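Coordinate-derived values only; no laboratory data. Everything numeric here is computed off the predicted structure, so don't read it as measured data. Here Cβ is always computed from backbone atoms with ideal geometry, including for glycine, and neighbour counts include all displayed protein chains.
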Amino acid sequence: MTIKNNPADDVISIIVPCFNEESVLPAFYSAVSDAASSIEGAVCEFLFIDDGSSDLQHFTEKDERVRFLTFSRNFGKEAAMYAGLQNASGDYCVFMDADLQHPPALLKNMYHAVKYEGYDCCAGLREDRTGENPIRTFLSRSFYHLIGNACHLDMGDGKGDFRMMNRAMTDSILELKEYNRYMKGIFSFVGFDTKWIEFHNVQRAAGNSKWNFSKLFAYAMEGMFSFSTAPIVWIGNIGTAIMISSILMTLFGLLVHVTSMFHLVCLILFLSGLQMLFVAILGQYTTKDYMESKQRPI
Ligand code: UDP
Ligand code: MG
């Protein structure tokens, strides 16, 4: 079966992870169909990944461009994105959230960038967080600052999943078969020339965010531990600092009169620091093994 009218057309696979998005999907489908019809030289297929929704109905009239993949339960957005890529047949693949927070109008520019401007990927860069809960904004910004220092990968605030990639980049991502996935890290890890297109934050068209605080926290930790061994180094540094402080305190205690309790505290501090250092050294070996177990391509 082909969805092309003209054999020379490219196929763009639009991958949409959906978790209880019944209220917004018809609007999404109509807005993205309109945007897709304005792209010359390409046709779009829709891959809706139903990530264990309780309410998702097949909302379209028979449209051969549309496919549904249904999970047996909620496995999370990362699993949905991976399943989407595995099943996408397009020359280009693009991830879009179902809630219309990713402006469909950008699809045309993205296609132009990957088809004619020599980029492998064209990604949306959300330049503000207007309308978002301020606590979430603060926590997200802090996290991206932290992970930026820890990972040496390009995972800044606003650089999300909304992006169109060519086949080479898509296949490279599929080569990373690790179970604990953090797509923002994976995009950056595989490399490739990426063009960034800025867009303003848009409110969700309907429904609520599917991420509560604990889910977001777990996701943030996933990102940190999937791509960085820096926390182990930090522990080692803290242990070393504690040891040095305890030695300085002991020297100070030898110069002025202090109680024997003071020396005991110094000794306990020294041993605690030493233990942290040993844990960090052990951690270095363990994390090497952990990273090897992911069997990422060399
Ligand atoms: N999503 C999913 N599985 C989940 C959580 C979210 O497939 O377990 C989908 C959701 O349906 C949406 C996209 O991921 O299409 C982004 O979710 P959401 O809009 O809730 O995230 P936010 O914009 O608040 O970060
Ligand atoms: Mg959203």
For Ala42, distant residues with modelled amide H under 5 Å away: Asp10
Starting with the fewest neighbours, write out Cys93, Cys44, Cys151 ranked by other beta-carbon atoms found within 10 Å of each beta-carbon. Cys151, Cys44, Cys93
Quarter of Cα convex hull surface for the chain, i.e. mean projection, nm²: 19.8 nm²
Candidates Leu274, Leu25, Leu107: whichever shows maximal mean-square fluctuation once the chain is modelled as a Gaussian network with Cα springs under 10 Å: Leu274
Ignoring GluC sites (Glu not before Pro) that are buried or in helix or strand per DSSP, and keeping those with at most 15 other beta carbon atoms within 10 Å, what is the longest stretch of the chain between them? 179-298
Of Arg136, Arg181, Arg163, which has the largest mean-square fluctuation in a 10 Å C-alpha GNM of the chain? Arg136
As a footprinting exposure proxy, order Lys195, Lys77 by other Cβ within 10 Å, with the fewest listed first. Lys195, Lys77
Going by alpha carbons, how many degrees (0 to 90, nearest 10) lie between the helix axis of 106-116 and the longest principal axis of the chain? 90 degrees
For the stretch 144-291, take the alpha-carbon Rg, divide it by the Kirkwood Rh, and send me Rg/Rh. 1.17
Asserting the computed 222 nm helical MRE of the chain (DSSP H runs at least 4 long, -39500 (n - 2.57) per run, divided by residue count, to nearest 500) equals -16000 deg cm²/dmol
The stretch 228-236 - phi-based ³J(HN,Hα) in whole Hz, Karplus 6.51/-1.76/1.60, Gly and Pro as x: 9, 9, 4, x, 5, 5, 4, 4, x
Would you mind ranking His102, His200, His263 so that the residue whose beta carbon has the fewest other beta carbons within 10 Å leads the list? His200, His263, His102
Residues with amide H under 5 Å from that of Leu69, placed H, sequence gap 5 or more: Phe48, Ile49, Asp50
Of the candidates Pro134, Pro103, Pro17, which one comes out as most mobile in a Gaussian network treatment of the chain with C-alpha springs shorter than 10 Å? Pro134
